[in-house]
Amino acid sequence: MSTSGDCALPRAMTNAEVAVKGVVLEPFALRALDRLAETIVVGALLGELLLVLANVMARVFFRQSFLWSDEVARLVLSILAFIGGAVAYRRRDHAQVRLILNLVPRRVERVCLALADIIVFFVSGLIGAASIEFIAASWAERTPILQAPAALIALPLPAGMALMAVYAAVRVWREHGRLALIVGALFLAATALAATTYGSWLPALGDDSSIIVALVLFFAAIFAGVPVGFVLLLAAAFYLWTSGAAPLLVLPQTMVAGAGNYILLAVPFFILAGLVMERGGISVRLIRFVHALVGHLRGGLLQVAVVSMYVISGLSGSKPADVAAVGTIMRDEVSARHGAAEGAAVLAVSAIMGETVPPSIAMLIVGSITNVSVAGLFIGGLMPAAVIALCLMALIAFRARRAGAVSAPRAPVRMVARAGFNAILPLLMPGMLLAGILFGLATPTEIAALAVVYGVILAMFVYREMTVAGFLRAVQNTAALTGVLLFIFTAASAFSWVLTIAYLPQRLVDLLAASHANTTIFMIGSIALLIFVGVLLEGLPSLNVLAPLLLPIAVKLGFSGLHFAIVLIIAMGVGGFMPLAGVGFYVCCAVMRCDIEPASRAMLPYLAVVLAGLLIVAFVPWFALALPNHFGFRG
């Protein structure tokens, strides 16, 4: 649209003219802000990828490393978590629980959604103000190597919160209008009333009143549809405010510290490798090979889907990327032969199985917040996933036999050989990954960066199915997805710290002492807790909150930390893909283009088998520990 008309406007404009001008300029300003934010996170991601690769080259050829790279990595992770988190919010990628929203009348749903965006605006302002105070208090501190102000690493936090607040304000005004004014006024009135009176009514609830009300607020906000990361921050801030246990600036401090673990850089690199694999023709070659190998089994394409998810999970750490890679390729054939609902159910349970196939983002997160070896988790997760996969394949074959389904003819040897030849280069990727871990050739982050390079070479130069523009789009999508994961991770770090100072771990220990430290009860209770919280918190945050609390208790009771961590990861996957509630389940339904209700009914027998497989892994530690022990990784 030409701007020459704007230049000719008189100084005194009518209200209508001001409104028209606002409509024209606001989208331009927002687009410019969007472009700036996306450029920053994409530039940070690509720059860090190049730095990691350069560090590997320097170590291999010159036997030197860039000691300052860890400090740069912390800044990049902070940018991805906070500015990337804002980009993801703008793109509506933040997870929210819609279990209740889908059941209430449309008018109530609109009120809840307006309240959710208002709470995002409120929390963003609160954390942003606290982060500025934190930066001012820590500005004199210096980084060990570069001697730069340590607070520079925290600067993306207030910038990201400011972006969040702007995006939330725009969404509130555009989507909720007058309703937002009413809901906002009620929210402010309730907040002011609580601020002026909590000293009189809160003590009446007892010594644990602050944490009790914080948890009630947590569940209320979750079911009202507030994005998960902001629910965690809201509950944590409420506890600190009412208990006086620590100042609010502790929240930005723990958030920045939570994003500062170098191993978390493997998360965006593995996600990017998965997207390159999906869009560059790598996945389809693997699935064709799997189809040639097992397509003749009873259950045909469903068997192919299970095995394909196992193989594809060895290339990408992102379950949405895995589901999309397999589901979009097989959707039409599976829907025609078995029905879309059955296909969505098998995709969902296969994704649960794939949570422990390396590389796994869940494993990276557990390794970053506990003392469990990431390499040990990677190698230890292979057999538990295989156990669940075999259980699923047995169920598929049994149901196909009972339904009288006819098996497809076995693929000719020539076809298997051709498909295997085409899959050799893609299969080298997981081989390279495992070899690098087992022989200590590189860190998981470096291996993830090398996987990106290998995937780009295959996609752009060998198969020629990805252009430079396609790669940049994959980087943009990676930055947004990473922003969601890391923002929720940092929020969960703050919430977990609050639970710790509220003495929740000690209370769990006391509860176990009351049950005479029954290991069976503890294991089953931990699985049930992870599934329940995994449904509420979209899977990964449940690990960040509960793993640091439960793992020390498990080790004290005699469990292997590595074995127990793998059990927690599978239980988290069950929660994330639980029918009617888990966010991952909705992704599977969307990929297969089917309704949720029939897919939920179709998933019930598969879910029962996954739970049986989980219990086998939980009470037969050999499946999780045999390979790590063989390769020298002690649990």
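The values are calculated or read from the model by the stated rules, or taken from the named source; none is laboratory data. Keep in mind that this is a model prediction, so the values were computed, not measured. Using ideal geometry, Cβ is built from the backbone for each residue, glycine included, and neighbour counts are taken over all protein chains shown.
Here is a check on your reading of the model: is F378 part of a helix (DSSP H, G or I), aromatic (F, W, Y) and either closer than 30 Å to F61 by Cβ or not assigned by TED's automatic domain parsing to the domain that holds V307 (or both)?
Values: part of a helix (DSSP H, G or I): yes; aromatic (F, W, Y): yes; either closer than 30 Å to F61 by Cβ or not assigned by TED's automatic domain parsing to the domain that holds V307 (or both): yes.
Yes: the conditions hold for F378.
Within the stretch 316-375, track down each residue that is in a helix (DSSP H, G or I), surrounded by fewer than 24 Cβ atoms within 10 Å (Cβ to Cβ) and among the hydroxyl-bearing types (S, T, Y).
Scanning the stretch 316-375 gives T328, S335, S368.
Could you tell me whether the stretch 241-261 includes any residue that is farther than 26 Å from I132 by Cα and at pLDDT 85 or above?
no
If I filter the stretch 212-226 for residues that are touching a residue at least 12 places away in the same chain (Cβ under 8 Å), of a type outside the set (A, V, I, L, M, F, W, C), in the same structural domain as V123 (by TED's automatic domain parsing) and under 25 Å from V484 (Cα atoms), do I get at least one hit?
yes
Mind checking which residues of the stretch 463-480 are under 12 Å from V276 (Cβ atoms) and touching a residue at least 24 places away in the same chain (Cβ under 8 Å)?
Residues satisfying the conditions are Y463, E465, M466, G470, F471, L472, A474, V475, N477, T478.
Going through the stretch 276-286 one residue at a time, which ones are crowded, with 23+ Cβ neighbours inside 10 Å and part of a helix (DSSP H, G or I)?
First, the residues of the stretch 276-286 that are crowded, with 23+ Cβ neighbours inside 10 Å: 276-278, 280, 282-283, 286.
Of everything in the stretch 276-286, those that are crowded, with 23+ Cβ neighbours inside 10 Å and part of a helix (DSSP H, G or I) turn out to be V276, M277, E278, I282, S283, L286.
Could you grab the pairs with beta carbons closer than 9 Å, sequence gap of 6+ or different chains, first residue in the stretch 579-592 and hydroxyl-bearing (S, T, Y), second one at pLDDT below 80?
Partner pairs satisfying both residue conditions: Y586/R98; Y586/I596.
What are the pairs, 6+ residues apart or on separate chains, where a residue within the stretch 67-93 that is within 15 Å of Y262 (Cβ to Cβ) has its Cβ under 9 Å from a residue that is surrounded by fewer than 23 Cβ atoms within 10 Å (Cβ to Cβ) and of a type in the set (F, W, Y)?
Close Cβ pairs satisfying both conditions: S69/Y262; D70/Y262; V72/F66; A73/Y262; R74/Y262; L77/Y262.
Can we say A159 is touching a Gly at 6+ places or on another chain (Cβ under 7 Å), on the phi < 0 side of the Ramachandran plot and in a helix (DSSP H, G or I)?
Working: touching a Gly at 6+ places or on another chain (Cβ under 7 Å): no; on the phi < 0 side of the Ramachandran plot: yes; in a helix (DSSP H, G or I): yes.
The answer is no for A159.
If I ask for residues that are in a helix (DSSP H, G or I), hydrophobic (A, V, I, L, M, F, W, C), modelled with pLDDT under 80 and surrounded by fewer than 20 Cβ atoms within 10 Å (Cβ to Cβ), which ones from the stretch 418-459 would you list? If you could, list the steps in order and put the result at the bottom.
To start, the set of residues in the stretch 418-459 that are in a helix (DSSP H, G or I) comprises 418-438, 444-459.
Next cut, hydrophobic (A, V, I, L, M, F, W, C) only: 419, 421, 423-425, 427-429, 432-435, 437-438, 447-453, 456-459.
After this cut, where a residue has to be modelled with pLDDT under 80 as well, the list is 429, 432-435, 437-438.
The answer is M432, L434, A435, L438.
Say whether the condition of being over 30 Å from G584 (Cβ atoms) and assigned to a helix (DSSP H, G or I) is met by at least one residue in the stretch 76-88. Even if it seems obvious, please write down each step before you answer.
So the first thing to find is which residues in the stretch 76-88 are over 30 Å from G584 (Cβ atoms), and the list is none.
No, because not a single residue in the stretch 76-88 is over 30 Å from G584 (Cβ atoms) and assigned to a helix (DSSP H, G or I).
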